[in-house]
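The values are calculated or read from the model by the stated rules, or taken from the named source; none is laboratory data. Since the model is a prediction, treat every value here as computed from it, not as a measurement. Positions of Cβ are generated from backbone atoms using ideal geometry, with glycine treated the same way; all protein chains shown enter the neighbour counts.
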Amino acid sequence: MDHPPPAADPRPADANPAGPDPADPAAPGATLLQQWRRLSRFPGGTLLFSRLLGFKVPYSGALGARVRILEPGHAVVTLRVRRGVRNHLGSAHAVALTNLGELATGLSVLTALPTGVRGIVLRLESEYLKKGRGLLTAESRWTPPAGDVPFPAGAGGSLDHWAETVIRDGEGSEVARVRALWRLGRKE
């Protein structure tokens, strides 16, 4: 059976498949990864990084989540359910779970985007599986589109790509799944 030849890879030829080059300020996740690598190796460094992230993105910072793992295309973020994120049932509020999931997808997507590509969320979908209490852990893994999904030609060419986060409680049970549809496009 004949197959069409694969489409050209949308990443620049010198793109690092393991994520953006931290030395390249044009890569969207480069600064995040550089700060993470600098701070996370010290005691209290993950807390400091999380606070700095919250300062840079105040809405997400209000959640009080803590980044635990950050590498190209992979993020683990925790949230302790406290009064400010609880609902009337004493468990994590649905929107707090969605916010936590969006934060994890954002970190995994941004740290994997190649130089010259940016992204923005178009849609969020959340599925709530059980009440979330205690320490919640959100994990997102994302791989940038490869050569079989090229950017459309012309100005404003973009493509949409899903990223997913699974949120678990301290016992490892799934509490929620959050999917974010990201629009990816080349920077002009």
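Observations on the model:
- Options Glu174, Glu188, Glu127, Glu164: the member that is at pLDDT below 95 and acidic (Asp, Glu): Glu188
- Yes/no for Thr78 being of a type in the set (S, T, N, Q) and at pLDDT below 95: no
- Leading residue by the ranking (nearest to the chain's Cα centre (by Cα)) among those in the stretch 30-58 that are among the hydroxyl-bearing types (Ser, Thr, Tyr), closer than 24 Å to Gly134 by Cβ and in a helix (DSSP H, G or I): Ser50
- Among the residues of the stretch 15-59, those that are modelled with pLDDT under 50 and in contact with a Pro (Cβ under 9 Å, 6 or more places away or on another chain) comprise Ala15, Asn16, Pro17.
- Total residues in the stretch 80-95 satisfying the condition of being surrounded by fewer than 23 Cβ atoms within 10 Å (Cβ to Cβ) and in contact (Cβ under 8 Å) with a residue 24 or more places away in the chain: the figure is 6.
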